[in-house]
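Contents: one structure, followed by commentary.
A short reminder: the numbers here are calculations on the coordinates, not readings from a lab. Keep in mind that what you see is a predicted model, and the values were worked out from it rather than measured. Because the Cβ atoms are built from the backbone with ideal geometry, glycine has one as well, and the counts that use them run over all protein chains shown.
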Amino acid sequence: MDFGGGDDIRFERKGKAGFVTLTRPKTLNAINHTMIRALAEALDAWRDDPDVDVVAIKAEGRAFSAGGDILDIYNAGLAGNPPVGFFADEYRLNATIARFPKPYVALIDGIVMGGGVGVSCHGSHRVMTENAQFAMPEVSIGFFPDVGGSYFLPRLGGYFGMYLGLTGNRIRCGDALWSGVATHTTRAEYLDGIVERLAETGDADLALREAFVPAQRETPEGVLEGIARHFSRPSLEEIMKSLETAASGDEFAARTLAILRSRSPTGLNVAFRQITAGRALDMDECMRMEFRILNRMLQGHDFYEGIRAAIIDKDGKPAWRPASFEEIEQSRIDAYFEPLQDGELPL
């Protein structure tokens, strides 16, 4: 089936299921605009197709998807053409997946980050194998956890989502299952069988129940208690003060504090407010909020500087503006959340 994705994404109808396969393994299945448009068109067709009972998305290679095509975004922004249209279509797709009326099964075997999270973790069934690694690492490049991060991160247990969003740290399948990122865990060797059962039965719950293999939580209880204690604070300033107080005698607190101090002060303040606000918003409202933030980020400095330091020059020494948390003006953070004069994200 051809929905316009070219060689980057494949669509197939098998039995009672529609299958999507990300086919850019050399780029770790980085999500580009072509893929976004094609997947949106496929979901539009399959939503009303009486012969499609379930949709499943999977990927070739060692990664499910390591995120968006950051280099293209960087080059377009520096050329004076920030890719607002790319993000608008991506965010609309994220919202479409979240409201898709049929079971949407993400089979995640390998890395899933950023844009890859957006096309998987809003689905009704999120399956991770022992090879899965999840992260929302946007804060490490001066950005914010978008693609619906403001919706699903605050809904994870034990303030785990605030911790993941502010640090960008990776977790494996056991933590993903415990926290609610994943709904099911299985073994990679069972994925082909799941695909066959989805095609045969069209019943996602049955296929995944048969292949379910429980995964043990990786993070120790004491660390989870520390995450809940520190990241439940009502402001970013109080989170950091809590970590500072504990750092002298607590390795986790010291390590986490060092991570936060290395991040863009602007990006971290925006991310904290975004995740906090998302607790009270529905998915569409979250996507409109993220689109507001996105437009301001694309006009700013830290996002491009973060990409330069991490991917272009690879010096690992971003020069954030402002450089310190003490220099942050709350009015400038507020501006990221203001309504857009040129119109909000249409959903």
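Taking other Cβ within 10 Å of each residue's Cβ, how do Tyr336, Tyr104 sort, fewest first?
Numbers: Tyr336 21, Tyr104 25.
In increasing order of surrounding Cβ atoms, one gets Tyr336, Tyr104.
Given R₀ = 45 Å, FRET efficiency for Thr245-Glu200 by Cβ-Cβ distance, to 0.05? Numbers along the way, then the final one.
Numbers: r = 57 Å, r/R0 = 1.26.
Using R0 = 45 Å, I get an efficiency of 0.20.
Can you sort Thr245, Thr256 from fewest to most other Cβ atoms within 10 Å of each residue's own Cβ? Intermediate values should be presented prior to the final figure.
Numbers: Thr245 13, Thr256 25.
Fewest-to-most Cβ neighbours within 10 Å comes out as Thr245, Thr256.
Largest first and to the nearest Å, give the Cα extent of the chain along each principal axis.
59, 47, 38
Would you look at the GNM of the chain, springs on alpha carbons closer than 10 Å, and say which of Val20, Val139, Val119 moves the most?
Val20
Which whole-Hz ³J(HN,Hα) couplings does the range 36-47 yield from phi under the Karplus relation 6.51 cos²θ - 1.76 cosθ + 1.60, θ = phi - 60°, glycine and proline marked x?
Per-residue couplings from phi come out as 4, 5, 5, 5, 4, 5, 5, 5, 4, 6, 6, 4 Hz.
Would you mind working out the magnitude of the charge dipole of the chain relative to its Cα centre, with +1 at each Lys and Arg C-beta and -1 at each Asp and Glu C-beta, to the nearest 20 Debye? Kindly include the intermediate steps, with their values, before the conclusion.
Working: 37 positive and 50 negative charges, 98 e Å.
My answer is approximately 460 debye.
Student exercise: in the chain, how many lysine pairs 8 or more apart or on different chains have Cα atoms under 26 Å apart?
Values: Lys14/Lys58; Lys14/Lys102; Lys16/Lys58; Lys16/Lys102; Lys26/Lys58; Lys26/Lys314; Lys58/Lys102; Lys241/Lys317.
Lysine pairs meeting the criterion: 8.
If only Cα atoms are counted, what is the Rg of the range 166-228, and what is its Dmax, in Å?
14.7, 46
Would you please report the Å³ per residue occupied by the convex hull of the alpha carbon atoms in the range 122-172? Numbers along the way, then the final one.
Details: hull volume 4.3 nm³, N = 51.
For the range 122-172, the hull spanned by Cα atoms encloses 85 Å³ per residue.
Can you list, bin by bin at 10 Å, the percent of alpha carbon pairs in the range 219-347, starting at 0?
11, 35, 34, 18, 2, 0
Which value, in Å to one decimal place, does the Kirkwood hydrodynamic radius take for the range 162-280 when every pair of different Cα atoms is included?
Evaluated on the range 162-280, it is 16.6 Å.
Once the piece of chain linking Ser262 and Met1 is laid out straight, how much longer is it, given 0.36 nm per residue of separation minus the C-alpha distance between them? Mind dumping the intermediate values first?
Working: separation 261, 0.36 × 261 = 93.96 nm, distance 4.59 nm.
Computed gain between Ser262 and Met1 is 89.4 nm.
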